[in-house]
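To keep things clear, I will list the structure first and then write my remarks on it.
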Amino acid sequence: MTPPPPTAAPVPADTDLMLVERTVAGDQKAFELLVLKYQRRIERLIGRMVRDVDLVEDIAQETFIRAYRALAQFRGEAQFYTWLYRIAVNTAKKTLGDLKRDPLVPESALRGGDDDDETSGVENELTSAETPETVLAAKEIAATVNAAMEALPEELRQAVTLREIEGLSYEEIAQVMNCPIGTVRSRIFRAREAISAKVKPLLENQSGKRW
Amino acid sequence: MEKMSNMDEMVSALADGELHGEAFARAMDALATDAHARESWHAYHLVGDVLRSAELASPSSGTDFVARFRARLQDDPTAVPAVPVGLPVHDDRDAPSRVAAGSVPANAPGFGWPLLAGVASLTAVAAIAWNILGGSAGAPPAAAELAQAAPQPLRQMQAESSRPVMIRDARLDELLAAHRQAGGASALQMPAGFLRNATFESPGR
Amino acid sequence: MKTVLAQLALLACVAGAGAAWAQVPAAAVPSNTTPTGGERSISDWLMRMHEASRRRTYMGTFVVSSAAGNLSSARIWHACDGVQQMERVESLTGAPRSTFRRNDHVVTFLPDSKVVHTERRESLGLFPSLLKSSETTIPEFYAAQVTGSERVAGFDADIVQLNPRDNLRFGYRIWSEKKSGLVVKLQTLDADGQVIEQAAFSELQLDAPVKMDKLAQMMANTDGYKVHRADPVKTTAEAQGWVLKTPVAGFKSMGCYKRPPAGGGRDDTVQWIFSDGLASVSLFVQAYDRQRHAQELMLSMGATQTLARRLADKGGDWWLTVVGEVPPQTLKAFAQSLERRK
């Protein structure tokens, strides 16, 4: 079977870079999209170094603030996330350093601060600092995503897998699945919509409370 | 490309870097003003993250986090990205130790050796200043230089270790590196061991 | 030794067809059949993991974290073309550092000080022979079970748990990518089952387009850098005058090396390496120097424990440093057992 004629599709752009450029041009909202995109990964990273939930969020906030301030220095040679990653680690280390010098800060807030404290309930896993409630909610979400994937029609599941897990571009997926690029885009969108619809009820609502 | 009637589909394509020109601009405008579009942006990325790693599942909708971010920015008049404020990516505090080429920043927890609790004579250890090698031009300094090198301040040592005390010693780090080179003797050392070797290696060798 | 190594490298690097990854080479694996909840024995699992790390081409971001909060991460690239293995590691935390490896040759660039260290590390690659020999004792000291599966960095992985049968070693929880066996996440567990160290890919691309010639180019480019060579010299413990009066259960001697003086010392350091197949222990012996050698110490960093103490007898005065991914009591057992040959 002959492949579809090559369309004049532009090469996929680096979304992060596009958002950075818009931010530097004055569009703060563009940066907020990056915040929404990377909040989870940055919090997971920081959660490996810090035990206290509020502190993790605090450091994550500080990371994005610093990144925002330093954005003009990001030249785009490296990946944006790699650059953000370094900022997160440095911010966490700096904060931990500051806190360790502060006699008023309880050691339970810091990882490694309560090795000798038998009542601290040392965690079994090196996951980020979470309450049992959020751990449960997270597991539910992961399970829901998996179940939703299983329930997808084959072509939708394949399209979203090639995109999210294999990292192929629309053009490449079109060749693999032997269909037009517009169909690829539509399938990926419908897959995401179907999965999101099942996940959204599990998310905290606007005011931060669970449904 | 056919037109997309659905803004969510445009957001989906934008997330993949597959939206250009006028469609890109329209989607960016929608994301700036339409809460539903941002919800979709958030949800699609959450789905992608979770597909790649179960650990990234989170019930946060991101709106609170972004709201707090916005508030912090507003409080800080200097936070304007277009004008480089000169805030270095690396900590200013790291700068002095970087002058001594290759040395480890005194307060980088990643390179310390936490003492196990229960070690006797902590005060005795504190009295012996283990100099942190400055690593001048990378050659291990001779013993004489060692004695002269100003000891870097070690972290606060406590008489009772209720939390791990960090010790930094480049000689120990050298032995550690040599130990990790022996990683081929164990099944689990590749890639984890060699990579641990490379990630934990002290630059002050 | 070099010829044997080259042969091992060739063996390990023969690129098989995709389907070959799922098969275990029938002749090579000993038939110890510790129940693993599947068809594979421990040796099968470990061999797959080991081979995958050597033969596959991949790139990703690797993160190591410990219960004490230490964290370091790096981007890594690994390629194998059937003849050679190449690897590149770029630090993402701490001072910048680029490490390149071609088979047993390792080159480390330190951009801040413009120094590059180059070494031949002969000990890499010993493992296959360890596992293939009928003398493998790993199942004697560890029990294995498959406890489930989970996705890590976008890949489905089997979770294999290795529980030590005695208290001289740590346990492990290993996430092994289903198709290739590549270890994508590894947790080291103490006697209470607590995670003391975790090493994992946070991003991974298998069969990534890694260009070996590009890596080789970067590895060879030492312009502007001062080059330091430091090849350890192979020797034997016997020749160096050391013996372990009581062996530590499960641990076999894997070799002994003399390393050039380090950190201001005048004498060579002797490194005697032991392994039980999963964990390794190094005994470092140096001439005792009152100025440099302090109190006895017990240190811990993630899974790596260190014991340092003075060792003296009629024949002389030494400083012993024992380093290993083993519980402290194991280090003590080694330290107490090491003595001068009579």
| task | List the number of the failed condition for residue C:255; all other conditions in (1) on the phi < 0 side of the Ramachandran plot; (2) at the interface with another protein chain (Cβ under 9 Å from one of its Cβ atoms) hold. | result | (1)
| said: Among the numbered criteria (1) at pLDDT below 90; (2) crowded, with 22+ Cβ neighbours inside 10 Å; (3) among the basic types (Lys, Arg), which one does residue B:3 miss? | reply: (2)
| Restricting the search to segment A:177-203, which residues are more than 7 Å from chain B (Cβ to nearest Cβ) and not in a helix (DSSP H, G or I)? | A:178, A:179, A:180
| Any hit, segment C:164-172, residues being over 30 Å from residue A:49 (Cα atoms) and over 19 Å from the mean Cα position of the chain (by Cα) | yes
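Conditions (1) at pLDDT below 85; (2) in contact with a His (Cβ under 9 Å, 6 or more places away or on another chain); (3) outside the structural domain of residue C:184 (by TED's automatic domain parsing), marked per residue:
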| site | (1), (2), (3) |
| --- | --- |
| C:115 | no, yes, no |
| C:120 | yes, yes, no |
| C:126 | yes, no, no |
| C:136 | yes, no, no |
| C:145 | no, no, no |
| C:148 | no, no, no |
| C:167 | no, no, no |
| message | Take residue C:310 and tell me if it is over 27 Å from residue C:49 (Cα atoms), part of a loop (DSSP other than H, G, I, E, B), out of contact with any helix residue (DSSP H, G or I) (no Cβ under 6 Å at 6 or more places or on another chain) and more than 10 Å from chain B (Cβ to nearest Cβ). | response | no
| query | Any idea which residue in segment C:88-112 is surrounded by the most Cβ atoms within 10 Å (Cβ to Cβ), counting only those that are of a type in the set (Ser, Thr, Tyr) and modelled with pLDDT of 85 or more? | reply | C:99
| request: Tell me which of these residue C:292 doesn't satisfy, since it passes every other one: (1) touching a strand residue (DSSP E or B) at 6+ places or on another chain (Cβ under 7 Å); (2) within 8 Å of chain B (Cβ to nearest Cβ). | output: (1)
| said: With within 12 Å of chain B (Cβ to nearest Cβ) and modelled with pLDDT of 85 or more as the only criterion, which of C:214, C:226 stands out? | reply: C:226
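Does residue A:130 satisfy the criteria of being within 26 Å of residue C:207 (Cβ to Cβ), among the charged types (D, E, K, R) and at pLDDT below 95?
No.
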| task | Could you check, for segment A:19-32, whether at least one of its residues is assigned to a helix (DSSP H, G or I), more than 7 Å from every other protein chain (Cβ to nearest Cβ) and of a type in the set (D, E, K, R)? | result | yes
| remark: A careful count of residues in segment B:19-66 that are farther than 27 Å from residue A:44 by Cβ and either at the interface with chain A (Cβ under 8 Å from one of its Cβ atoms) or buried (at least 21 other Cβ atoms within 10 Å of the Cβ) (or both) gives 6
| field | Considering residues of segment C:58-77 that are assigned to a strand (DSSP E or B) and at the interface with another protein chain (Cβ under 7 Å from one of its Cβ atoms) only, the residue modelled with the highest pLDDT | value | C:76
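Residues are listed down the side, and each one gets a yes or a no for (1) of a type in the set (D, E, K, R); (2) at pLDDT 90 or above; (3) surrounded by fewer than 20 Cβ atoms within 10 Å (Cβ to Cβ):
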residue: C:247; (1), (2), (3): no, yes, yes
residue: C:273; (1), (2), (3): no, yes, no
residue: C:282; (1), (2), (3): no, yes, no
residue: C:289; (1), (2), (3): yes, no, yes
residue: C:302; (1), (2), (3): no, no, no
residue: C:324; (1), (2), (3): no, yes, no
| For residue C:158, are the conditions met, namely being over 21 Å from the mean Cα position of the chain (by Cα) and of a type in the set (D, E, K, R)? | yes
| Breaking point among (1) within 11 Å of chain B (Cβ to nearest Cβ); (2) over 30 Å from residue C:190 (Cβ atoms), for residue C:235 | (1)
| said: If a residue must be within 30 Å of residue C:167 (Cβ to Cβ), outside any strand (DSSP E or B) and in contact with a helix residue (DSSP H, G or I) (Cβ under 6 Å, 6 or more places away or on another chain), how many such residues does segment C:221-262 contain? | reply: 4
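Going by the structure shown, is residue C:42 out of contact with any Lys or Arg (no Cβ under 9 Å at 6 or more places or on another chain), modelled with pLDDT of 80 or more and either within 14 Å of chain A (Cβ to nearest Cβ) or over 24 Å from residue B:52 (Cα atoms) (or both)?
yes
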| request: Quickly run through segment A:153-174 and pick out the residues that are in contact with a Pro (Cβ under 8 Å, 6 or more places away or on another chain) and in a helix (DSSP H, G or I). | output: A:170, A:171, A:174
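The values are calculated or read from the model by the stated rules, or taken from the named source; none is laboratory data. This structure is a prediction, so every number in the text was calculated from the model and none was measured. Every residue, glycine among them, receives a Cβ derived from its backbone with ideal geometry; neighbour counts consider all protein chains shown.
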